[in-house]
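**Student:** The following block contains the structure, expressed as structure tokens.
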Amino acid sequence: MATSDRFQYLQALVTEFQDTDSAEAKEQVLANLANFAYDPRNFSDLRKLQVIDLFLDMLTEENETFVEFGIGGLCNLCLDKANKSHILSSGGLRLVINCLSSKREETALSALTTLMYLSTTASRADITSPPVVECMVRFSLSGNRRIRNLATVFLEDYCSEKQVQEARAQSQHTHSALGIPLPDTSPHNSGETPELKLN
């Protein structure tokens, strides 16, 4: 697809999302945009069309599928420096952290991966704040292999030994990290869960 054609197609998707009242149609558009966000050739167009902001907006929606595709899209494009900077400067970090409390496995996995990708010298303190590390300690004990493995990588590569020890000690006092339930591996679960907040 030619560059101009690709931009027009992406623009048409964004317009369709804004114009339709159908939740199903919006979900389909978000899935398409999240897939396009995987290709670095589309990053500039996605920024021009404010798709990163659209993905961020989806993280506060009640529709769990909107949240899943929104965080999936962010995960696909956030390794790029310009995209990462935009997400961080837009307050996206807190929104991503809140997604850790999702009962959906894919949403929690994307949030966990996105947090690692968003790590910078400036953002590291928030990404490894006690509530987040406690959540990762709990995830590292999960029976879900994908969640467990990613959380273990997070604890080993992004946290100090002291942070992990303190989080483990805290987790023993509180049965779970801020009451965060482990994600449900069923494909569609709309149960409400408490949000993980930064202090």
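**Student:** Going by the alpha-carbon gyration tensor, a ≥ b ≥ c the square roots of its eigenvalues, is the chain rounded (a/c under 1.5) or, if a/c is not under 1.5, prolate (a/b greater than b/c) versus oblate?
**Tutor:** Prolate shape, in that a/c is at least 1.5 and a/b is the bigger ratio.
**Student:** Okay, next question. The range 1-99: Rg/Rh from Cα coordinates, Kirkwood Rh?
**Tutor:** Here Rg/Rh amounts to 0.94.
**Student:** Follow-up. Sequence gap of 8 or more, or different chains, plus Cα separation below 29 Å: how many lysine pairs satisfy both in the chain?
**Tutor:** 14
**Student:** May I ask you to evaluate 6.51 cos²θ - 1.76 cosθ + 1.60, the Karplus curve with θ = phi - 60°, for each residue of the range 65-79 and list the ³J(HN,Hα) values in order in whole Hz, giving x for glycine and proline?
**Tutor:** Whole-Hz 3J(HN,Hα) from phi for the range 65-79: 6, 4, 4, 4, 6, x, 6, x, x, 4, 4, 5, 10, 7, 6.
**Student:** Stretched out fully, how many nm does the piece from GLU61 to ASP157 gain, at 0.36 nm a residue minus the Cα gap?
**Tutor:** On the way: separation 96, 0.36 × 96 = 34.56 nm, distance 3.11 nm.
So the extension gain works out to 31.4 nm.
**Student:** Summarise the long-distance tail of P(r) for the range 66-172 by giving the % of C-alpha pairs beyond 16 Å.
**Tutor:** Numbers: 3043 of 5671 pairs.
Everything past 16 Å amounts to 54 percent.
**Student:** Taking θ as phi - 60°, what are the ³J(HN,Hα) couplings along the range 116-123 by the Karplus curve (6.51, -1.76, 1.60), each to the nearest whole Hz, with x for Gly and Pro?
**Tutor:** Taking θ as phi minus 60°, the curve returns 5, 5, 7, 5, 9, 4, 6, 8 Hz for the range 116-123.
**Student:** Would you mind checking which residues have amide H under 5 Å from ARG104's amide H? H placed 1.01 Å from N; only 5 or more apart, or other chain.
**Tutor:** Here ASP184 satisfy the definition.
Read-outs throughout are calculated quantities, based only on the coordinates presented, and are distinct from any laboratory measurement. Bear in mind the structure is a predicted one, so any value in this text is a computation, not a measurement.
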